[in-house]
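K.L.:
Below is one structure. I have some questions about it.
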Amino acid sequence: MLRRIKISLISLLMFGVVNASVADSDSASLPGWHHGDAALRNAISQRGLFDGVKLTEQQRQHMRDLMQQARQDAPVLHLNDIEKMHTLVTAEEFDEAAVRKLISQLMQAQVERQIEMTRVRNQMYKLLNSEQKLVLEQRYQQRMNEMRQQLSQAEASMSPLWGAEQ
């Protein structure tokens, strides 16, 4: 049962990402999952990877260049995959093998996108000086502590629901 819940949550998350991507484009295929400078703004915004780090204009420009290159190199998300998933969801008979195959393909594409974005973030990190890296590490530790607290609270509130299935 717990495995089914996890799979359902992953599927919902995947559909959310796909739907958000589709909403941003009217084309038959979507090159990557970042549009415009939104990814860079997110990366250096209050909630982004470089939260609290003061970047020079040269660093910002280099990061913009890295993000633009990543967008050009990103794998393409095809709308027909979304249509296939919809067909599988709305079918009279559930075809688990077909669902597994399609989800595996979609997840592999997601893995490739994550690898590329991690590579780009690593290149961005290398642009920072030692003071900026220290600020980044402090912010990271702060966010991790906040996440640990939130997870702890969520687990405490969910424990009566999970019962003996854990």
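The values are calculated or read from the model by the stated rules, or taken from the named source; none is laboratory data. All figures in this text were calculated on a predicted structure; none of them were measured in a lab. Please note: Cβ atoms are built from the backbone with ideal geometry, for glycine as well, and neighbour counts cover all protein chains shown.
Residue-by-condition table, conditions (1) modelled with pLDDT of 85 or more; (2) buried (at least 17 other Cβ atoms within 10 Å of the Cβ); (3) touching a Leu at 6+ places or on another chain (Cβ under 9 Å):
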| position | (1), (2), (3) |
| --- | --- |
| Gly36 | no, no, no |
| Leu40 | no, yes, yes |
| Phe50 | no, yes, yes |
| Val53 | yes, yes, yes |
| Met67 | yes, yes, yes |
| Leu77 | no, yes, yes |
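K.L.:
Could you go through segment 118-132 and let me know if any residue there is out of contact with any Cys (no Cβ under 7 Å at 6 or more places or on another chain), surrounded by fewer than 10 Cβ atoms within 10 Å (Cβ to Cβ) and of a type in the set (Gly, Ala, Ser).
P.N.:
yes
K.L.:
Now for a different question. Report yes if some residue within segment 136-157 is under 19 Å from Arg71 (Cα atoms), in a helix (DSSP H, G or I) and either more than 17 Å from the chain's Cα centre (by Cα) or without any contact (Cβ under 8 Å) to a residue 60 or more places away in the chain (or both); otherwise report no.
P.N.:
No, there is no match, as no residue in segment 136-157 is under 19 Å from Arg71 (Cα atoms), in a helix (DSSP H, G or I) and either more than 17 Å from the chain's Cα centre (by Cα) or without any contact (Cβ under 8 Å) to a residue 60 or more places away in the chain (or both).
K.L.:
Give, as residue ranges, the helices (runs of 4 or more DSSP H) completely inside segment 51-133 that count at least 3 residues that are under 28 Å from Arg143 (Cβ atoms) and without any contact (Cβ under 8 Å) to a residue 24 or more places away in the chain.
P.N.:
Result: 57-73, 96-126.
K.L.:
If Leu88 passes every condition in (1) in contact with a strand residue (DSSP E or B) (Cβ under 8 Å, 6 or more places away or on another chain); (2) more than 28 Å from Leu127 (Cα to Cα) but one, which one does it miss?
P.N.:
It is condition (1) that Leu88 fails.
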